[in-house]
Amino acid sequence: MALLPKRLTQLTLRQQEERSFYLFILPWLIGFVLFTGGPVVYSFLMSLTNWTGIKTRDWVGLDNYIHLLTLDPNFWIVMKNTFTYGIASVILGTLLALAVAILMNQKIPGIRILRTLYYLPSVTSGIAIAIMWGWMFNPKAGLINFLLSLFGIQGPNWFSSTLWAMPGLIIVSLWGIGPNMIILLAGLQGIPQQLYEAARIDGANRWHEFRYVTVPMLSPVLFYVAVITMIGSFQIFENVLVLTNGGPGTATRVFVFDLYQNAFVNSRMGYASAQAWILCVIIMVLTWLMFRISRRQVQYEVVEE
Amino acid sequence: MENKKLSRRDFLKAAAASAAGAAMFTQLGQIATTFASPSQQDAVVLKFAVHWELAFQPTQEAWDTKYTAEHPNVTIEKIYNTWADHNAIVLTWAAAGELPDIVYIHGTRAVPWGKGDILLDIKDRMEADKAFDWEGIFQEALRLYNVDGHQFAIPYDHGPILLGYNKDAFDAAKIDYPTEKWTTDDFVKAAKALTIPGQQWGFGADVSLGNESYPAHLGIFGGATFNDKEDGLLLDTDESRTALNFWFDLMHKDHVISDAAEIASVGAGGADARLSGQFAMFRIATWDIPSFHDLSTFKYDVAPWISGPAGQHTGSFGSGFGATATTKHPDEAWAYLSEYLSKEGMEFMWAKSGRGSPAREAAYQAFLDAPIVPEHSQYFLDAMKNYAVTGHPYQTVTGPEVLTVITDNVTLLGTGEIDVDTFIKNVTEQSAPIFAR
């Protein structure tokens, strides 16, 4: 204490902690305000202009938003595609991550190696993965159609079919379940074993244990995973760019791809900024909805003092 | 040794002496600069942004070494972007006020960058520079960068679309190679004879209506995508309809052109399907030559594009270089460009290696002599001189957006999910609000 300046020693412990807290978060806060907060505010201002990304920057008020919502023929196509992809990849991605996490929670030899293997795809370059999936979905020589052929099924033309291109992208999204699997695994390992023992004493079978112990205890983690996956899935871009380029036609034109096209191909940066804000609002509303709906389903542990 | 402590007074003395020394050193530096030789005084650093890949960068460095040896006051500082990112990066620089002095410009970027005050109008410098033979540049290439009378860039590579053919496939089928006199009838006859169902297509990989491709596919029937002003489409005409039916009937009825699924099965993962050797004939441009040389496993050559009822037509496109509007060294930037894009510059940089077809006829012989170009490459020059046109859109800011609508719908024609009439109806309807804007 003798090393501390006199004024600091006069502060209460709580005040000292507060001061330390603000000092420690200050570098991040400065970075956030300068490099994220600033551009966010700027992009909103740009969304109220007809900025081409280069020169023209006239104030147009809400015209971009009005045009997007009422006149842009692509907007509702893009919305439909994005929601289709988002809903499917959240449901399938979360369920698959949970299933794999349960498998990875077994006490069997080599489980750590298996966990590493399942996580490995998540540390691979996104573009490389997309190209690899392009080959996997090759209608003639791809692994997927080969596997289907073993069951007598003739695989579709995946990314060159308006019907199958979106399901193809959704399947590709499942490749990235590794981080969710790790989060759910940590959640599973945090469930006290006594609860399972108590359930078994009460005559619960495996399904009952899963339904009445695992799911409720894991619900906050599952909810977190679902929200994070939803936010990520609504921002899908690179797989679309590499695998389908938004096609065939507009079959896989999703929100961020359309935004990118407007910003960097069509020189409509103001319009693209408005799209970014609409996407932001959609994600915020969906997150809020998920919180509302989950109030009864998600059970947080309450520590009573 | 006595451990002597530094007193506060001694420390202050030492600090003051150091500060005075540093100030004097700085002052001496300024005095030295004042009396420096003129060449040192006029030292200029030109920042130059281009997208050359690692393997081609030594050629650029060699040129710059040569240039800076002749212009010792100039230093060229390169910024190598990737091809995919260059356009977006330039926009970011422009927004931040950090543009370099010289930039690479793809043909489609001349209008947005020129009208957006990214590029410097170099028309007066170009015309006033007696040593720079601007009239020796292909006019079709030069006009790609001419926006409302302002010249925003000088082309370095501008190539036409020709008919490439797989010599091995022709030899195996005992069919004569395409000639200068080939018409659509000759083409169809050969394409059918060369098709081996499931293995080889008479023509491929796709039928594109992009800038450089539509004059080849539609122009020979008198059709086009855009009108000359680019404020309307010419797809809903008898000529364009006939042309589209010609190509897509060959695809979906005769099966001699690969459809979208077949292309995907041959060239998945971003690979160029044409390099598979499964297409007896294909569109080919000069910028394709390096990859055909390096990656194809079959013998190939080029022939003039086929003639149709409306004669012989093909498209051409390319890239150039320009100075930026914010450069503090416009004279030095022009001096560099004028040598870089001179006959000697084009020969050294692109023609000798066959990497690109030079945008001026005088440099073409070096390209024709390059070790990697196909045997009958003089047809590229012949097309540039006689029948290749620069494909629209390149004059309007909304052009690329309409082109995206066309391309989206062409993919549906390629999958066979829509017919030609629906294609024309879709494109007309979807592009109307863009034109209206």
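Taking the criterion of being surrounded by fewer than 19 Cβ atoms within 10 Å (Cβ to Cβ) and not in a loop (DSSP other than H, G, I, E, B), the residues of the range B:308-339 that qualify are B:Gly311, B:Pro330, B:Asp331, B:Glu339. Residues of the range A:19-40 that are surrounded by 11 or more Cβ atoms within 10 Å (Cβ to Cβ), more than 14 Å from chain B (Cβ to nearest Cβ) and within 26 Å of A:Val265 (Cβ to Cβ): A:Val40 alone.
When the range B:346-366 is filtered for residues that are free of Cβ contacts under 8 Å to residues at least 60 places away in the same chain and either crowded, with 21+ Cβ neighbours inside 10 Å or under 26 Å from B:Pro100 (Cα atoms) (or both), the ones remaining, listed by number, are B:Glu347, B:Ala351, B:Ala363, B:Tyr364. Within this structure, A:Gln297 passes the test of being more than 9 Å from chain B (Cβ to nearest Cβ), surrounded by fewer than 16 Cβ atoms within 10 Å (Cβ to Cβ), more than 26 Å from A:Asn157 (Cβ to Cβ) and not charged (D, E, K, R). For the range B:129-182, a tally of residues being among the basic types (Lys, Arg) and more than 28 Å from B:Met349 (Cα to Cα) returns 3. When B:Gly356 is tested against (1) in a helix (DSSP H, G or I); (2) under 15 Å from B:Ala285 (Cβ atoms), only condition (1) is not met.
Being within 21 Å of the chain's Cα centre (by Cα), more than 14 Å from every other protein chain (Cβ to nearest Cβ) and either buried (at least 19 other Cβ atoms within 10 Å of the Cβ) or touching a residue at least 40 places away in the same chain (Cβ under 8 Å) (or both) is the requirement here; does B:Lys343 meet it? When the stated conditions are applied, B:Lys343 passes them.
As a summary of the residue check, B:Tyr165 satisfies the conditions (1) under 21 Å from B:Val266 (Cβ atoms); (2) part of a helix (DSSP H, G or I); (3) in contact with a strand residue (DSSP E or B) (Cβ under 7 Å, 6 or more places away or on another chain) except for the one numbered (2).
Here is the figure for the range A:46-68: residues that are within 14 Å of chain B (Cβ to nearest Cβ) and either touching a Phe, Trp or Tyr at 6+ places or on another chain (Cβ under 7 Å) or touching a residue at least 60 places away in the same chain (Cβ under 8 Å) (or both) total 12.
Would you confirm whether or not the range A:192-206 contains a residue that is part of a helix (DSSP H, G or I), over 30 Å from A:Gly246 (Cβ atoms) and β-branched (Val, Ile, Thr)? Quick ask: steps written out before the conclusion?
Quick first cut of the range A:192-206, residues part of a helix (DSSP H, G or I) only: A:193-201, A:206.
Subsequent filtering for residues that are over 30 Å from A:Gly246 (Cβ atoms) retains A:193-201, A:206.
Remaining after also requiring β-branched (Val, Ile, Thr): A:201.
Scanning the range A:192-206, I find at least one residue that is part of a helix (DSSP H, G or I), over 30 Å from A:Gly246 (Cβ atoms) and β-branched (Val, Ile, Thr), so the answer is yes.
For the range B:393-417, filtering for residues that are surrounded by fewer than 21 Cβ atoms within 10 Å (Cβ to Cβ) and farther than 30 Å from B:Asp148 by Cβ leaves 2.
Search the range B:87-119 for residues being more than 11 Å from chain A (Cβ to nearest Cβ) and in contact with a His (Cβ under 9 Å, 6 or more places away or on another chain), and hand back the single one that is surrounded by the most Cβ atoms within 10 Å (Cβ to Cβ). Break it down stepwise before answering.
First, pick out the residues of the range B:87-119 that are more than 11 Å from chain A (Cβ to nearest Cβ): B:96-98, B:100-107, B:110.
Narrowing further to those that are in contact with a His (Cβ under 9 Å, 6 or more places away or on another chain): B:101, B:103-104, B:106-107.
On the way: B:Asp101: 24, B:Val103: 30, B:Tyr104: 21, B:His106: 17, B:Gly107: 23.
My answer is B:Val103.
Readers should treat all values here as calculations from the given coordinates under stated rules, not as data from a laboratory. Values in this document were obtained by computation on a predicted structure and should not be read as measured data. All Cβ positions, glycine included, derive from the backbone under ideal geometry; neighbour counts span all protein chains shown.
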